[in-house]
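Sharing a structure below in structure tokens format, with a few things to ask.
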Amino acid sequence: METILVLAHPETDGTLAKPAREALHAAAALHKSLAGSNLVVGLIGENVQPAANSIAASPATKYFGVTGTDFSQSRYATDAAAVEAIFQTAQATLVVAPATSRWARVLPGVAQRLGGRADTHVTGVAVTDGKISISRWYYRQRMEGALTRTQRPWFIGIDPGSHTPCDCGAGTAAVQMVPVAISDSHRRTTVAGLREPKADAQTIRPDAQLLFVTGAGWTKKQTDGQTHVPEAEKLILGFLKKSRASLGSSKSLVDLSGEGQTVLPFLSHLNQIGQTGATPRHAKGLSTCCHGEEPHTVGWRFIGERRAISLDPACGWARGKTDILYVADAFAVISKVNELLSEGGNT
Ligand SMILES: Cc1cc2nc3c(=O)[nH]c(=O)nc-3n(C[C@H](O)[C@H](O)[C@H](O)COP(=O)(O)OP(=O)(O)OC[C@H]3O[C@@H](n4cnc5c(N)ncnc54)[C@H](O)[C@@H]3O)c2cc1C
């Protein structure tokens with residue numbers, strides 16, 4: 001009989017973030033399909049009661065907590081000790097956790113301590129004939145693999161964005177506190193603070209509805225024989241500000257900065273989409289001034305509806321890579337779209 005333990009940590013405001021609710025949704029579905037299984041929740045943080053209350057109506061039968069200032073920050077030694085303690089108390093066989101940076105750092109190590117196995121980047125969990133299988137993507141999201149394991153404990157890290165977040169319903173949860181002995185050797189690492197770009201400078205927005213991709217065409221000579229990089233910058237930033245889209249880029253454009261050319265300063269390799277870049281999940285995508293070559297478009301695998309604006313009617317997008325290709329000048333199109341958005345439209 002499987003006991004499924006869902007791990008989560010509250011955010012600084014005490015709430016449970018979307019990735020935690022997605023992991024809970026995946027675990028609850030697994031529990032429903034696995035006859036005789038138990039579902040329990042383990043929460044780690046300074047104070048976990050509000051988070052537990054926010055999911056009190058979930059199908060979980062028990063809530064375990066490790067709390068105190070030692071557990072407010074993401075730190076391998078204290079988090080690993082807390083996970084191990086909850087795991088032992090719950091007598092779990094399966095551990096499901098969101099693959100946040102906090103859990104991704106800890107889970108494989110705890111699995112090793114407990115003689116278990118850990119799988120990361122899991123995007124699907126299913127039960128067939130009473131056998132659990134997980135799925136994940138390989139070879140830069142080109143192939144999907146499904147695998148099963150007989151080894152227990154089995155730690156499963158759910159990729160954020162791959163599941164619907166559970167809307168379990170709030171109430172009052174009875175949290176069973178699990179004691180963990182922490183010594184100075186556990187506290188050697190301290191999080192000194194968090195550094196993040198200002199809200200306006202943060203161009204990567206995983207929760208955005210739209211992915212807006214910029215290609216090298218924005219920096220190329222246009223019909224007048226000149227480049228128009230300052231204008232490109234203004235149009236792109238204007239569009240991002242109005243649409244709240246997430247910003248992606250082709251490799252050629254982000255590489256230009258490394259070659260010392262005039263480029264768009266808000267782009268870095270973190271924005272790169274494709275084979276050697278990211279494979280984000282957004283409902284819609286709009287590509288601009290990008291050719292749509294295979295190494296780039298492979299990163300669009302999880303984008304629901306695709307559109308592209310390119311001057312070249314024979315570009316890669318035209319060959320089945322996009323739902324709609326606008327053969328048009330992106331400078332003119334985005335300028336008009338920005339104008340419409342300023343008048344109160346939306347994307
Ligand atoms: C091993 C390997 C891995 C790679 N990994 C990646 C990856 O992860 N991600 C990635 O992106 N690439 C990757 N590449 C590179 C990829 O093959 C392409 O070279 C790159 O994507 C091209 O970028 P681009 O389309 O922006 O530029 P270009 O090929 O220069 O295309 C620019 C486009 O802009 C259009 N254009 C110009 N002006 C305008 C205008 N005013 N309006 C509309 N359109 C206009 C042009 O018609 C042209 O189609 C990889 C390549 C290799 C070999």
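The values are calculated or read from the model by the stated rules, or taken from the named source; none is laboratory data. As the structure is a computational prediction, the values presented were derived from the model and not from experiment. Positions of Cβ are backbone-derived with ideal geometry, glycine not excepted, and every protein chain shown enters the neighbour counts.
For region 224-239, how many residues meet the condition of being out of contact with any helix residue (DSSP H, G or I) (no Cβ under 6 Å at 6 or more places or on another chain) and either near the ligand (Cβ under 8 Å from one of its atoms) or in a helix (DSSP H, G or I) (or both)?
Selection size over region 224-239: 6.
Mind listing just one residue for me: the one in region 98-157 that is charged (D, E, K, R) and under 22 Å from Ala35 (Cβ atoms) and, of those, farthest from the chain's Cα centre (by Cα)?
Asp129
Right, something else. Just a yes or no: is a residue in region 275-296 on the phi > 0 side of the Ramachandran plot, surrounded by 23 or more Cβ atoms within 10 Å (Cβ to Cβ) and part of a loop (DSSP other than H, G, I, E, B)?
Scanning region 275-296, I find at least one residue that is on the phi > 0 side of the Ramachandran plot, surrounded by 23 or more Cβ atoms within 10 Å (Cβ to Cβ) and part of a loop (DSSP other than H, G, I, E, B), so the answer is yes.
I've got another one for you. Just checking, how many residues over region 320-344 are over 17 Å from Ile236 (Cα atoms) and either assigned to a helix (DSSP H, G or I) or free of Cβ contacts under 8 Å to residues at least 24 places away in the same chain (or both)?
So the answer is 8.
Can you find even one residue in region 190-203 that is outside the structural domain of Asp329 (by TED's automatic domain parsing), closer than 24 Å to Phe302 by Cβ and touching a strand residue (DSSP E or B) at 6+ places or on another chain (Cβ under 6 Å)?
Within region 190-203, one or more residues are outside the structural domain of Asp329 (by TED's automatic domain parsing), closer than 24 Å to Phe302 by Cβ and touching a strand residue (DSSP E or B) at 6+ places or on another chain (Cβ under 6 Å).
Here are the criteria: (1) assigned to a loop (DSSP other than H, G, I, E, B); (2) over 25 Å from Met143 (Cα atoms); (3) modelled with pLDDT of 95 or more; (4) not acidic (Asp, Glu). Tell me which single one Thr347 does not satisfy.
(3)
Further, regarding this structure: Is it the case, given these coordinates, that Ser257 is among the hydroxyl-bearing types (Ser, Thr, Tyr), outside the structural domain of Gly45 (by TED's automatic domain parsing), within 16 Å of the ligand (Cβ to nearest atom) and at pLDDT below 95? Show your work before the answer.
On the way: among the hydroxyl-bearing types (Ser, Thr, Tyr): yes; outside the structural domain of Gly45 (by TED's automatic domain parsing): yes; within 16 Å of the ligand (Cβ to nearest atom): yes; at pLDDT below 95: yes.
It is true that Ser257 is among the hydroxyl-bearing types (Ser, Thr, Tyr), outside the structural domain of Gly45 (by TED's automatic domain parsing), within 16 Å of the ligand (Cβ to nearest atom) and at pLDDT below 95.
A follow-up question, please. Can you find a residue that is among the aliphatic types (A, V, I, L, M) and over 17 Å from Thr203 (Cα atoms) anywhere in region 269-280?
no
Out of all the residues in region 146-168, is one or more assigned by TED's automatic domain parsing to the domain that holds Ala104, hydrophobic (A, V, I, L, M, F, W, C) and part of a loop (DSSP other than H, G, I, E, B)? Outline the logic, then answer.
Of region 146-168, the ones assigned by TED's automatic domain parsing to the domain that holds Ala104 are 146-168.
Checking the rest, the ones that are also hydrophobic (A, V, I, L, M, F, W, C) come to 146-147, 154-156, 158, 166, 168.
From the residues that got through so far, the ones that are part of a loop (DSSP other than H, G, I, E, B) too are 166, 168.
For region 146-168, residues assigned by TED's automatic domain parsing to the domain that holds Ala104, hydrophobic (A, V, I, L, M, F, W, C) and part of a loop (DSSP other than H, G, I, E, B): present.
For region 301-320: of the residues being within 14 Å of the ligand (Cβ to nearest atom) and charged (D, E, K, R), which is surrounded by the most Cβ atoms within 10 Å (Cβ to Cβ)?
Only one residue fits best here, namely Arg307.
Quickly run through region 68-89 and pick out the residues that are surrounded by fewer than 21 Cβ atoms within 10 Å (Cβ to Cβ) and in a helix (DSSP H, G or I).
Thr69, Asp70, Tyr76, Ala77, Ala80, Glu84, Ala85, Gln88, Thr89
If you scan region 40-67, which residues turn out to be in contact (Cβ under 8 Å) with a residue 24 or more places away in the chain and surrounded by fewer than 21 Cβ atoms within 10 Å (Cβ to Cβ)?
Glu46, Asn47, Gln49, Pro50, Asn53, Ser54, Ala56, Ala57, Pro59, Lys62, Thr67
Suppose we filter region 285-300 for residues that are under 16 Å from the mean Cα position of the chain (by Cα) and more than 8 Å from the ligand (Cβ to nearest atom); how many remain?
Total meeting the criteria: 1.
Exactly one of these conditions fails for Thr227: (1) touching a Lys or Arg at 6+ places or on another chain (Cβ under 8 Å); (2) closer than 30 Å to Gly344 by Cα. Give me its number.
Only one criterion in (1) touching a Lys or Arg at 6+ places or on another chain (Cβ under 8 Å); (2) closer than 30 Å to Gly344 by Cα is unmet by Thr227, namely (2).
Something else about it: Among residues belonging to region 1-39 that are acidic (Asp, Glu) and part of a loop (DSSP other than H, G, I, E, B), point out the one that is surrounded by the most Cβ atoms within 10 Å (Cβ to Cβ).
Within region 1-39, the match that is surrounded by the most Cβ atoms within 10 Å (Cβ to Cβ) is Glu2.
Can you tell me which of (1) surrounded by 14 or more Cβ atoms within 10 Å (Cβ to Cβ); (2) farther than 21 Å from Arg301 by Cβ; (3) not basic (Lys, Arg) is the one Ser135 doesn't meet?
Ser135 satisfies every listed condition except (2).
Let me ask you something else. Going through Leu286, Leu270 one at a time, which residue ends up being touching a strand residue (DSSP E or B) at 6+ places or on another chain (Cβ under 9 Å) and within 23 Å of Lys336 (Cβ to Cβ)? Break it down into steps so the answer makes sense when it comes.
On the way: Leu270 fails: within 23 Å of Lys336 (Cβ to Cβ).
Result: Leu286 is the single residue among Leu286, Leu270 that is touching a strand residue (DSSP E or B) at 6+ places or on another chain (Cβ under 9 Å) and within 23 Å of Lys336 (Cβ to Cβ).
Now, a different point. Can you pull out every residue in region 185-222 that is touching a residue at least 60 places away in the same chain (Cβ under 8 Å), within 16 Å of the ligand (Cβ to nearest atom) and farther than 15 Å from Ser249 by Cβ?
Listed by number, the list holds a single entry, Gln222.
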